[in-house]
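Below is one structure, written out as structure tokens, with a few remarks after it.
The values are calculated or read from the model by the stated rules, or taken from the named source; none is laboratory data. Since the structure is predicted, the reported quantities are computational estimates derived from the model, not experimental observations. Every residue, glycine among them, receives a Cβ derived from its backbone with ideal geometry; neighbour counts consider all protein chains shown.
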Amino acid sequence: MKNRFVFRKSILLIFLFSFSFFLFGLSISPAQEMGVPVAAPISAPQPPDPPMNVVAKDAPNDNGHAIVVKWSLSADDGKGKNNVLSYEIWRSDNPDTGFVLRGLVPAGTSQYLDRGAREKEEENYFPPHKNFYYQIKAKSDISFSESEVSAPAYAYGQWIHTGKLSILFATAVFTFFVLLFINWAKKGKKLYVRPIAGIDAVDEAIGRATEMGRPILYILGLGSAGELGTIASLTILNRVAKKTAEYQTPLLVPVSDPVVLTVAQEAVKAGYYEAGRPDTYKEDSVWYITSMQFAYVSAVNGLMLREKTATNIYMGVFYAESLLLAETGNVAGSIQISGTDQVAQIPFFVAATDYTLIGEELYAASAYLGKEPLLLGAIKAQDWGKILIMISLIIGAIAASFHLDFIVNLFRIKL
Amino acid sequence: MGTGEILWNGLALFLTLSIFSILYKDNPFYKIAEHLVVGVSAGYFAIILYYNSFIPKVWVPVVHESKFLYILPTILGVLMWTRFSRKWSWVSRYPIAAYMGIGMGVAIPVTMQAYILVPLYATMQPIGFTSMALFNNLLVAAGVLCALVYFFFSKEHTGAFGGVAKVGIWTLMVGFGAGFGLTVMGRVSLLIERFTFMRDYLQKLFGF
């Protein structure tokens, strides 16, 4: 009995093994049996689903030569068939034909800024106020699909850059303060400006040059006549010229810019007139050397050593020449007073000159010397501006600490 | 090394040494190099102005592209030449006024953006004592506040106010020191480049 049961069990197992081998054999092709690799079944390439909802709009806050195109990603971008590699942006002035490729963005991107040139003569000129139609192609490695053509859109310029409203607001507040304080100064209200050590030293240095019978060298820097630092320097030059005219001390002003030359001559001449000594003004005391930076430096350095200037005053916009000039003046034994709004050059002046006006002190110095309501009002306005900046900074830092980003973003400039 | 290279590089070597000679004292070699570079640069600059300003900004727009609006600034430029006449020199003040006014108009919003609002926004970071990053932000904000106090001109720097201003100037000096070191390193690399040029020239010339 037991043997029969074992026999039946063995027959059943053999049958199951044979059946399973049969089934396995069906699933293996002859080629596989021979160990030859087999190509996947050939089927038509599957294009990705097309992008949807293509919308074209004028790019905001620009000069009118760009359009922003937005679309909904293809259903196969990052999901579905997951075969989208990129999107192509095509444009035409006719919705049916004539589309040209304007750009290419990688998968996952759903907008494109189609920006062109402003000038008609340029190759990529983007005409404003002209309707354009856009179409987006979703591309896989071997196929693509096209979106619907967008509604027409045209580019136009905006008068106001809304991302820069904070600049407008800040300028308006500052202008208000300037006008307010100028008005107060004109009405005779006493506006106090603290003494600035570097400027107090100017009078002392002019006196020293007079005693030594040597000239004063005034360097306006390499800035143009339209730069703030140069304008502040010209005001100080006027004051220095007045003093030198009073003391009859020679003043040398070599300049590096033709327009600055003209303004500097006017400033010096005015100083001599104010001192009541127009007859002693020499036009060639202010002269042009060259506009090339290091050529100018070599000439001024030679001048310092030959003329043995008693006092060198460097005020204005300076670049890499600052240390070269100041070091040579140091070697020549001159008293040196400097001032610049170029942050990178201040360290050199601090290291190599006797007195330095740091940044805004240069602007304040011109007001401090002039004592004119216009300039004093501007300095007072700057001080109030600084108070506002300090308050804003404290509020902004606290707001950022408590994640109140809407407050911090009030100060953000969106370019 | 060809004859031309020997001559030109030799001249460059001579001029380099002539400029360096001022480290000793003013001398004829320095004067030669100085006058040469000033004269050449003045002439070079005139040509640069002609080709980079007059041709593309006056001649081409007006003559070739019929953009007659460009005549207006050209007239302003020409008025600058009235400086040569004692009688009419006052006319040159108009182009100067226009130039400076436009310069100011352009500079004010740019300054407001680049030197005030952008740094202000960048300084508005979370502050605190719970992490090094927060404490660092606090230090930066405090340094900025103290530096602003230093540039306050309506009040004398005395008492507590003076103390804060002193912290402000120290903050500035730390920044200046870092800038000084960085720039000096750049200058030293320029000096090394000049020395390398002289060494290479002499090596090629004398074969050592």
Hey, residue A:210 closer than 23 Å to residue A:360 by Cβ, free of Cβ contacts under 8 Å to residues at least 40 places away in the same chain and part of a helix (DSSP H, G or I) or not
no
Residues located in region A:187-205, provided they are closer than 15 Å to residue A:372 by Cβ, more than 13 Å from chain B (Cβ to nearest Cβ) and either of a type in the set (Gly, Ala, Ser) or surrounded by 13 or more Cβ atoms within 10 Å (Cβ to Cβ) (or both)
A:188
Quick one: residue A:228 ticks every box in (1) of a type in the set (A, V, I, L, M, F, W, C); (2) without any contact (Cβ under 8 Å) to a residue 40 or more places away in the chain; (3) within 11 Å of chain B (Cβ to nearest Cβ) except a single one, so which number is it?
(2)
Going residue by residue through region B:147-158, is there one that turns out to be assigned to a helix (DSSP H, G or I), at the interface with another protein chain (Cβ under 10 Å from one of its Cβ atoms), of a type in the set (A, V, I, L, M) and exposed (fewer than 15 other Cβ atoms within 10 Å of the Cβ)?
no
Considering only region A:319-336, I want to know if a residue exists there that is surrounded by fewer than 20 Cβ atoms within 10 Å (Cβ to Cβ), in contact (Cβ under 8 Å) with a residue 60 or more places away in the chain and not hydroxyl-bearing (Ser, Thr, Tyr).
no
Is there any pair linking a residue in region A:373-395 that is among the aromatic types (Phe, Trp, Tyr) to one that is assigned to a helix (DSSP H, G or I), with Cβ under 6 Å and at least six apart or on different chains, and which?
A:384/A:177
Does region A:304-313 include one or more residues that are crowded, with 22+ Cβ neighbours inside 10 Å, under 27 Å from residue A:211 (Cα atoms) and within 11 Å of chain B (Cβ to nearest Cβ)?
yes
Restricting attention to region A:338-362, and to residues there that are under 31 Å from the mean Cα position of the chain (by Cα) and in a strand (DSSP E or B), which single residue is nearest to the other protein chains (Cβ to nearest Cβ)?
A:358
Considering every residue within region B:85-98, establish whether at least one is out of contact with any Lys or Arg (no Cβ under 8 Å at 6 or more places or on another chain), facing another protein chain (nearest Cβ under 9 Å) and of a type in the set (A, V, I, L, M, F, W, C).
yes
Restricting to region A:393-413, and then to whatever is β-branched (Val, Ile, Thr) and in a helix (DSSP H, G or I), can you tell me which residue is farthest from residue B:149 (Cα to Cα)?
A:407
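Listed here are the residues, each with its yes/no results for (1) over 22 Å from residue A:291 (Cβ atoms); (2) in a helix (DSSP H, G or I); (3) more than 10 Å from every other protein chain (Cβ to nearest Cβ).
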{"position": "B:5", "(1), (2), (3)": "yes, yes, yes"}
{"position": "B:10", "(1), (2), (3)": "yes, yes, yes"}
{"position": "B:35", "(1), (2), (3)": "no, yes, no"}
{"position": "B:38", "(1), (2), (3)": "no, yes, no"}
{"position": "B:54", "(1), (2), (3)": "no, yes, yes"}
{"position": "B:73", "(1), (2), (3)": "no, yes, yes"}
State which residue is farthest from residue A:289 (Cα to Cα) when the search covers only region B:12-33 and only residues that are aromatic (Phe, Trp, Tyr) and away from chain A (no Cβ under 11 Å).
B:14
List the pairs whose first member sits in region A:241-254 and is farther than 21 Å from residue A:366 by Cβ and assigned by TED's automatic domain parsing to the domain that holds residue A:216, whose second member is of a type in the set (Asp, Glu) and part of a helix (DSSP H, G or I), and whose Cβ atoms are under 9 Å apart, counting only residues at least 6 apart or on separate chains?
A:250/A:307
Every listed condition ((1) free of Cβ contacts under 8 Å to residues at least 40 places away in the same chain; (2) part of a loop (DSSP other than H, G, I, E, B)) holds for residue B:1 save (1)
Can you name the residue in region A:111-145 that is under 30 Å from residue A:75 (Cβ atoms) and surrounded by fewer than 16 Cβ atoms within 10 Å (Cβ to Cβ) and is also nearest to the chain's Cα centre (by Cα) among such residues?
A:113
Of all residues in region A:278-298, which are among the hydrophobic types (A, V, I, L, M, F, W, C) and crowded, with 19+ Cβ neighbours inside 10 Å?
A:286, A:289, A:292, A:295, A:297
Among the residues of region A:233-247, are any within 37 Å of the chain's Cα centre (by Cα) and outside any helix (DSSP H, G or I)?
no
Looking at region B:105-124, is at least one residue touching an Asp or Glu at 6+ places or on another chain (Cβ under 9 Å), assigned to a helix (DSSP H, G or I) and either farther than 29 Å from residue A:165 by Cα or aliphatic (A, V, I, L, M) (or both)?
yes
Subset of region A:248-267 (residues that are surrounded by 15 or more Cβ atoms within 10 Å (Cβ to Cβ) and either more than 14 Å from every other protein chain (Cβ to nearest Cβ) or closer than 18 Å to residue A:207 by Cα (or both)):
A:249, A:250, A:251, A:252, A:253
Out of the residues in region A:78-109 that are in contact with a Ser or Thr (Cβ under 7 Å, 6 or more places away or on another chain) and not in a strand (DSSP E or B), state the one that is surrounded by the fewest Cβ atoms within 10 Å (Cβ to Cβ).
A:98
Within region A:155-165, does at least one residue satisfy the condition of being hydroxyl-bearing (Ser, Thr, Tyr), under 30 Å from residue A:415 (Cα atoms), outside any strand (DSSP E or B) and away from chain B (no Cβ under 14 Å)?
yes
Taking region A:216-232 and keeping only residues that are in contact with a strand residue (DSSP E or B) (Cβ under 9 Å, 6 or more places away or on another chain) and outside any helix (DSSP H, G or I), one is left with A:216, A:217, A:218, A:219, A:220, A:221, A:222, A:223, A:224, A:227
Report yes if some residue within region B:170-180 is surrounded by 13 or more Cβ atoms within 10 Å (Cβ to Cβ), part of a helix (DSSP H, G or I), under 29 Å from the mean Cα position of the chain (by Cα) and away from chain A (no Cβ under 11 Å); otherwise report no.
yes
What do you reckon, is residue B:51 under 27 Å from the mean Cα position of the chain (by Cα) and farther than 21 Å from residue A:260 by Cβ?
yes
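Quick check, is residue B:133 over 28 Å from the mean Cα position of the chain (by Cα), in contact (Cβ under 8 Å) with a residue 12 or more places away in the chain and farther than 30 Å from residue B:80 by Cβ?
Here the answer is no, as residue B:133 does not meet what is asked.
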If residue A:339 passes every condition in (1) buried (at least 24 other Cβ atoms within 10 Å of the Cβ); (2) modelled with pLDDT of 90 or more; (3) more than 30 Å from residue B:182 (Cβ to Cβ) but one, which one does it miss?
(3)
Would a scan of region B:56-66 turn up a residue that is of a type in the set (Asp, Glu), without any contact (Cβ under 8 Å) to a residue 24 or more places away in the chain and away from chain A (no Cβ under 12 Å)?
no
